[in-house]
Amino acid sequence: MGSGVPPLDDKSLLKSKAYVNGQWVDAKSGKTFEVHDPATHKLIGTMPEFDSADTEAAISAAAAALPSFRKTTGRERSRMLRKWYQLMMDNQEDLAKLITWENGKPMADARGEVAYAAGFFEWFSEEAPRLYGDTIPASVAGNRVFTVKEPVGVCGLITPWNFPAAMITRKIGPALAAGCTVVAKSPGETPFTAAALAELAERAGIPKGVVNIITALENTPQVGETICESDTVRKVSFTGSTRVGKLLMKQSSSTMKKLSFELGGNAPFIVFDDADLESAVAGAIACKFRSSGQTCVCANRIYVQKGIYEEFARAFTEKVKGFKVGYGYDEGITHGPLIHEAAIKKVESHVKDAESHGGKVLIGGQKLPDLGSNFFQPTVIRDMTSDMALAKEETFGPVAGLFPFDTEADVVKMANASEVGLAGYFFSKDLQRVYRVAEALEVGMIGVNTGLISDAGSPFGGVKHSGLGREGSKYGIDEYINIKTVTLGGIGPLQGS
Ligand code: SIN
């Protein structure tokens with residue numbers, strides 16, 4: 001395949017150990033797991049297979065680092081995060097190479113991810129010095145009331161493979177800004193990017209024990225359980241499936257910790273008759289096929305009003321024809337492989353199910369064995385109906401299903417007929433409709449006349465079974481703080497009066 005993996009400019013960013021208490025460590029058992037390039041299946045390297053005892057050691061390191069780190073000023077933490085941000089940007093190309101290697105996304109997307117990921121450190125470096133409390137008018141004469149914002153403590157962060165850098169920085173950024181210390185479990189499929197971030201954390205002068213990056217593949221369930229059941233860990237933040245989120249919530253219940261969950265979506269993408277066709281097509285392409293459909297905010301159900309359906313289907317399919325699927329390092333590649341065989345199977349099953357219920361494939365629909373077993377053709381299917389599997393579950397792959405609809409009321413009903421509610425999108429030039437539909441959709445985030453909504457400054461999160469809490473934005477730091485109320489009593493009149 002092409003010219004192969006380009007060497008890193010800074011080879012010391014390629015690590016094969018976990019990072020605990022400022023040390024690069026193996027699992028105590030000596031066990032490791034292998035990580036393979038999803039495009040070629042070639043071995044990238046191995047990482048320590050942490051178990052429960054290793055995880056406990058990382059939690060203890062984070063707990064030991066907490067007393068002094070929580071006393072640092074917001075300005076000091078701001079400078080550390082800013083430096084870490086700068087180091088990420090200085091090493092953008094190497095980090096992008098690592099992302100492409102272990103995740104498969106094309107280099108252009110990987111570079112974009114590094115900037116997006118670093119943006120969370122930049123954003124929260126700006127929030128760290130601004131953790132204001134309140135002065136509250138007391139209802140009891142002689143009392144004075146104020147609040148202070150305190151770090152929750154040790155945080156357990158569990159992140160997925162689809163954004164090997166951005167999902168981890170989106171959690172570590174606000175945690176550190178608030179004065180917390182962290183144990184971050186990197187994804188089993190993509191641990192090398194996270195390890196490179198740990199190396200940059202050290203260079204940024206983050207004190208030892210403040211950031212601990214742990215690794216596991218097969219032991220992921222026991223590592224997750226150890227984090228959730230630990231009473232030392234006072235907050236868990238998880239990005240991943242709704243099924244696992246519910247399990248972690250249950251495991252966390254006995255220790256009453258703070259939780260935030262960014263879980264699965266099944267995003268509706270609605271194109272009304274009055275939309276600008278060209279920008280609706282461009283928005284749908286960007287939204288559906290970002291990372292080959294492997295993001296939880298990707299359009300999953302594309303609803304197109306009947307008056308514009310034929311034209312939209314033609315123009316959308318035409319754009320998909322222009323995609324170039326291949327190895328992420330090769331020139332001109334627009335879309336890489338899926339992450340693993342299970343992802344391919346799911347995509348295949350959604351295509352087959354749609355066809356068996358009357359859906360017609362306009363383009364794609366097949367695997368690409370000549371490229372490798374994890375490659376699938378970008379696919380467009382028309383005449384979709386709500387009894388199909390794709391309508392009910394997230395595909396997490398490059399399959400765009402086009403559903404025709406009649407009225408605004410019909411489509412809002414169809415869009416909301418889902419137990420999850422992460423992102424939703426619609427295209428319309430009618431101002432009144434924009435308000436009506438934005439208010440009616442049961443989701444946490446809406447893109448109106450755009451297919452891309454992710455930004456460090458915008459609150460990210462869902463409703464219903466898509467999770468709890470918000471990441472990024474001025475709200476993201478709230479997930480990592482406790483508000484303490486201080487009531488001063490017995491303040492009498494001026495003495496001598
Ligand atoms: C995700 O897929 O979980 C995150 C997507 C994003 O940040 O845009």
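The values are calculated or read from the model by the stated rules, or taken from the named source; none is laboratory data. Here the structure is a predicted model, which is why all the values come from computation and not from measurement. Glycine gets a Cβ as well: all are built from the backbone with ideal geometry, and neighbour counts include every protein chain shown. The protein model used for the area step is the full one, side chains on, heavy atoms only, and it has no ligands, DNA or RNA in it. Shrake-Rupley method; radii C 1.70, N 1.55, O 1.52, S 1.80 Å.
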Exercise. Can you find a residue in region 140-157 that is within 14 Å of the ligand (Cβ to nearest atom), touching a strand residue (DSSP E or B) at 6+ places or on another chain (Cβ under 7 Å) and not in a loop (DSSP other than H, G, I, E, B)?
Worked result: yes
Exercise. Would region 164-175 turn up any residue that is in a strand (DSSP E or B), in the same structural domain as Glu218 (by TED's automatic domain parsing) and open to solvent by less than 10 Å² (accessible area, probe 1.4 Å)?
Worked result: no
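Say we look at region 246-284 and pick out the residues that are within 30 Å of Ala175 (Cα to Cα) and of a type in the set (Ser, Thr, Tyr); which of these is farthest from the ligand (Cβ to nearest atom)?
Residues of region 246-284 within 30 Å of Ala175 (Cα to Cα): 246-267.
Still in the running and of a type in the set (Ser, Thr, Tyr): 252-255, 260.
Details: Ser252: 20, Ser253: 24, Ser254: 27, Thr255: 25, Ser260: 13 Å.
Step by step, filter region 246-284, then rank; the result is Ser254.
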Exercise. Taking region 110-120, which residues are open to solvent by 10 Å² or more (accessible area, probe 1.4 Å) and either without any contact (Cβ under 8 Å) to a residue 24 or more places away in the chain or within 18 Å of Glu189 (Cα to Cα) (or both)?
Worked result: Arg111, Gly112
Seminar exercise, completed: Scanning region 460-471 for residues that are away from the ligand (no atom under 12 Å from the Cβ) and under 30 Å from Tyr85 (Cβ atoms), the one least open to solvent (accessible area, probe 1.4 Å) turns out to be Gly469
Exercise. Got at least one residue in region 472-493 being more than 16 Å from the ligand (Cβ to nearest atom), more than 23 Å from Ile172 (Cα to Cα), open to solvent by 60 Å² or more (accessible area, probe 1.4 Å) and at pLDDT below 95?
Worked result: yes
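Taking region 447-497 on its own, how many of its residues are closer than 17 Å to Leu157 by Cα and in contact (Cβ under 8 Å) with a residue 40 or more places away in the chain?
From region 447-497, those closer than 17 Å to Leu157 by Cα are 460-461, 467-472, 476-481; that's our starting set.
Those still in the list that are in contact (Cβ under 8 Å) with a residue 40 or more places away in the chain too: 460-461, 467-472, 476-477, 479-481.
Summing the residues that are closer than 17 Å to Leu157 by Cα and in contact (Cβ under 8 Å) with a residue 40 or more places away in the chain in region 447-497 gives 13.
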Exercise. Looking at Ser386, is it open to solvent by 10 Å² or more (accessible area, probe 1.4 Å), away from the ligand (no atom under 16 Å from the Cβ), at pLDDT 95 or above and within 30 Å of Glu262 (Cα to Cα)?
Worked result: yes
Exercise. Among the residues of region 285-310, which ones are more than 16 Å from the ligand (Cβ to nearest atom) and either among the polar types (S, T, N, Q) or under 21 Å from Ser458 (Cα atoms) (or both)?
Worked result: Gln305
Exercise. What number goes with the only condition from (1) within 17 Å of the chain's Cα centre (by Cα); (2) away from the ligand (no atom under 15 Å from the Cβ) that Gly205 does not pass?
Worked result: (1)
Problem set entry | Residues (open to solvent by less than 10 Å² (accessible area, probe 1.4 Å), assigned to a helix (DSSP H, G or I) and more than 16 Å from Gly469 (Cβ to Cβ)) located in region 176-206 | Leu176, Pro191, Phe192, Thr193, Ala194, Ala195, Ala196, Leu197, Ala198, Leu200, Ala201
